[in-house]
Structure formats: C-alpha cells, structure tokens
Amino acid sequence: MQLAQRQTFKTSQDWNNFLVSNKQLTGQDLFELRKACYNDIESVRKNPLIVYASKFVDGSNQEAPILIDINDVDGFTDLVNHINGSDAIDVLIHSPGGRPDATERIVYILRSRFKEVNFLIPHSAYSAATMLALSGNNIIMHPSATLGPIDPQINGIPARSIKRGFEKVKRIIMEDGPEALPAYIPLIEKYSLDLLELCDDSEKLSKELVGNWLKQYMFRGKINQNKIKRAVNYFSNYDKHLLHSRPLVFDKLKSLELNIELAEAPLKDLLWESYILI
C-alpha cells in the first residue's frame, strides 16, 4: 500500500536524531507526528484506531500514571462515543498492566459498541494488558513484541509466589517438626492467613475473565473448550513462567492456536514507529 509522504522514524536512533535537530518542538508538534503515524495505521487496517500507551519501559517519568486503572474508563468512554459508522475497532496497546477490575470495565465499554475488537501490540502488553488483548477477536504483534503472564500480584508480589511460600513453610514444619517454626515466624507475621484467600480469589478472577472473553469473542461460535482451557492455564501458570514479566513472544504463543499473528509490512514498520513515538 502506498502511503502519503511524511516524516517517518524507522529506528529509535532516527527519533533521537530528530529530537536533537529540532529542540524547539512543542507538545503539539509531537502530537501531530504521532497522529500522522496513527492515521497511516488506520489507512492500512481500514479500521478506526484507539491508542492506549504509557511510557513505562525506560522509567523516565515515575510520577506519571502508567497502570490500567479506573480513571481509564472515562478516556475509553469518550473515545468510543466519538467513533461513528464502524462495527470494528483496532486498539493499539503498550502497557505494563494494572487492575483487572478496570480492565473488565474497558472490555465492557468496547464490546458494548463494537462487534469486532482487534489489538495491535507494538512492543509490550503485560499482565492486565495481556488480559485486555485476550478479549479481542484478533491480536497482531510486531515481531519484537511480547505479551506476558496474567498471574495476579498482591502489592507487587506474585500471588502464586506468596502461596508457594506458605506451602514451603507448611511442608518444612510437617517434615522437621515444631522446632523449625521459629525460623519462619517473620514470614508468617508478614503475611496474614486471609492473604491466602485473596491470592486464591485473584487467581480465580484472572482465569475466569480471560476464559470467558476467549469463549465469547476470539472463539465465538466455536467449540474449543480444551483450547481455551489450555490457553488460560498457559498464561496464568506462574510455576512455569517463574517471573510475572516473563516475555511471551509469538514463537511461544503460536502453539496455542489463538488468533494471534505477526504484523507484516507496512503495518510492521508503523507499529514500531508508534512505539518509538510514545
């Protein structure tokens, strides 16, 4: 597809060089550059585009809100209400994740308006952002992009890791007797027993949401319960991934037989440019 001529950025170095050479750029100038890239994505995809992106990779602005939270409901509602004449939408997402309840609200907003929702991943969509992507009919990833595990975290600690800690203490005390207990009192005091219930409930919620979304949208009208169960178990398996931010790239995901594909040119280049411009 032939796209209109404009200033383009194929690498991060292109962007850095441009910034050095144009130090008087305003916020509006940067917005126009991003908008031109987004317009080209819409031209290629033939769908309206919503961009949900936060600058979290380099940690340059730690004061800025970067997580999916309930405040995002307003932004998605405003954007969706201003899109007319299309039953399909593309959502470009670059996010470290956030709250599953806010994610559920966003999915409801999108699905109340659009029959088809596709997610474009230029770089990273972790945790609740992966959950959001799995609510789509299709996921299109840049070759360098990744999704991530959906196991929940409690105050920044993987819920499964907390449960494994309790299980380890229980096993050691059963094997070594009460005399082993003093060494683990600090752990027991740090995490109350009701935290185990919270961990269990959080794990159930992540699995339930993703399982239902896959059934309703990506596999709508198809009998693929085993495939859905396998996908949910894979994404939620902390014991397998061992790290909440473990990259789940396309080569790891293709065996799940989900509607996930790699972007090809020119979309591939536009997705990478959209990340560079964040």
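The values are calculated or read from the model by the stated rules, or taken from the named source; none is laboratory data. Treat the numbers as computed from the prediction; the structure is a model and nothing was measured. Note: ideal-geometry Cβ built from the backbone for every residue, glycine included; neighbour counts use all protein chains shown.
Take the residues in the range 163-178 that are within 23 Å of Asn233 (Cβ to Cβ) and basic (Lys, Arg); name whichever of them is surrounded by the most Cβ atoms within 10 Å (Cβ to Cβ). Don't jump to the end; show me each part of the working.
We begin by selecting, within the range 163-178, every residue within 23 Å of Asn233 (Cβ to Cβ); these are 163-168.
After this cut, where a residue has to be basic (Lys, Arg) as well, the list is 163-164, 168.
Working: Lys163: 18, Arg164: 13, Lys168: 12.
Among residues in the range 163-178 that are within 23 Å of Asn233 (Cβ to Cβ) and basic (Lys, Arg), the one surrounded by the most Cβ atoms within 10 Å (Cβ to Cβ) is Lys163.
Restrict the check to the range 228-240 and report whether at least one residue is surrounded by 14 or more Cβ atoms within 10 Å (Cβ to Cβ), of a type in the set (S, T, N, Q), within 22 Å of Gln153 (Cα to Cα) and out of contact with any Cys (no Cβ under 8 Å at 6 or more places or on another chain).
yes
I want to confirm something. Restricting to the range 137-162 and keeping residues that are surrounded by fewer than 20 Cβ atoms within 10 Å (Cβ to Cβ) and of a type in the set (Gly, Ala, Ser), which single residue is nearest to Gly98 (Cα to Cα)?
Gly156
Of all residues in the range 15-54 being in a loop (DSSP other than H, G, I, E, B) and either under 30 Å from Gly85 (Cβ atoms) or in contact with a Cys (Cβ under 8 Å, 6 or more places away or on another chain) (or both), which is modelled with the lowest pLDDT? Steps first, please.
If we filter the range 15-54 for residues that are in a loop (DSSP other than H, G, I, E, B), which is where we start, we get 22-26, 46-48, 54.
Those still in the list that are either under 30 Å from Gly85 (Cβ atoms) or in contact with a Cys (Cβ under 8 Å, 6 or more places away or on another chain) (or both) too: 46-48, 54.
On the way: Lys46: 98, Asn47: 98, Pro48: 98, Ser54: 91.
Out of the qualifying residues, it is Ser54.
Please verify whether the range 262-272 includes one or more residues that are free of Cβ contacts under 8 Å to residues at least 60 places away in the same chain and either part of a helix (DSSP H, G or I) or aromatic (Phe, Trp, Tyr) (or both).
Going residue by residue through the range 262-272, those that are free of Cβ contacts under 8 Å to residues at least 60 places away in the same chain are 264-265.
Among the residues that remain, those that are also either part of a helix (DSSP H, G or I) or aromatic (Phe, Trp, Tyr) (or both) are: none.
No: the range 262-272 contains no residue that is free of Cβ contacts under 8 Å to residues at least 60 places away in the same chain and either part of a helix (DSSP H, G or I) or aromatic (Phe, Trp, Tyr) (or both).
Quick check on the range 88-107. Is at least one of its residues of a type in the set (Lys, Arg) and within 26 Å of Asn237 (Cα to Cα)?
Kept after step one, since they are of a type in the set (Lys, Arg), are these residues of the range 88-107: 99, 105.
With the extra rule that they be within 26 Å of Asn237 (Cα to Cα), the set shrinks to 99, 105.
Yes, the conditions are met somewhere in the range 88-107.
Leu134 fails exactly one of the following numbered conditions: (1) surrounded by fewer than 18 Cβ atoms within 10 Å (Cβ to Cβ); (2) in contact (Cβ under 8 Å) with a residue 12 or more places away in the chain. What is the number of that condition?
(1)
Got a sec? Which of Leu181, Leu195, Leu205, Leu214 is surrounded by 18 or more Cβ atoms within 10 Å (Cβ to Cβ) and not polar (S, T, N, Q)?
On the way: Leu181 fails: surrounded by 18 or more Cβ atoms within 10 Å (Cβ to Cβ); Leu195 fails: surrounded by 18 or more Cβ atoms within 10 Å (Cβ to Cβ); Leu205 fails: surrounded by 18 or more Cβ atoms within 10 Å (Cβ to Cβ).
Exactly one of Leu181, Leu195, Leu205, Leu214 is surrounded by 18 or more Cβ atoms within 10 Å (Cβ to Cβ) and not polar (S, T, N, Q), namely Leu214.
I need the helices (runs of 4 or more DSSP H) fully contained in the range 141-248, keeping only those with at least 3 residues that are without any contact (Cβ under 8 Å) to a residue 60 or more places away in the chain.
Details: elements: 159-176, 185-190, 194-213, 225-236, 238-241.
Of the helices (runs of 4 or more DSSP H) lying wholly inside the range 141-248, those with at least 3 residues that are without any contact (Cβ under 8 Å) to a residue 60 or more places away in the chain span 159-176, 185-190, 194-213, 225-236.
Do you know which of the residues in the range 55-74 that are assigned to a loop (DSSP other than H, G, I, E, B) and among the β-branched types (Val, Ile, Thr) is modelled with the lowest pLDDT? Please lay out each step first, then the result.
Start the filter on the range 55-74 by keeping residues that are assigned to a loop (DSSP other than H, G, I, E, B), which leaves 55-67, 69-71.
Subset that is among the β-branched types (Val, Ile, Thr): 57, 66, 70.
Values: Val57: 77, Ile66: 84, Ile70: 95.
Out of the qualifying residues, it is Val57.
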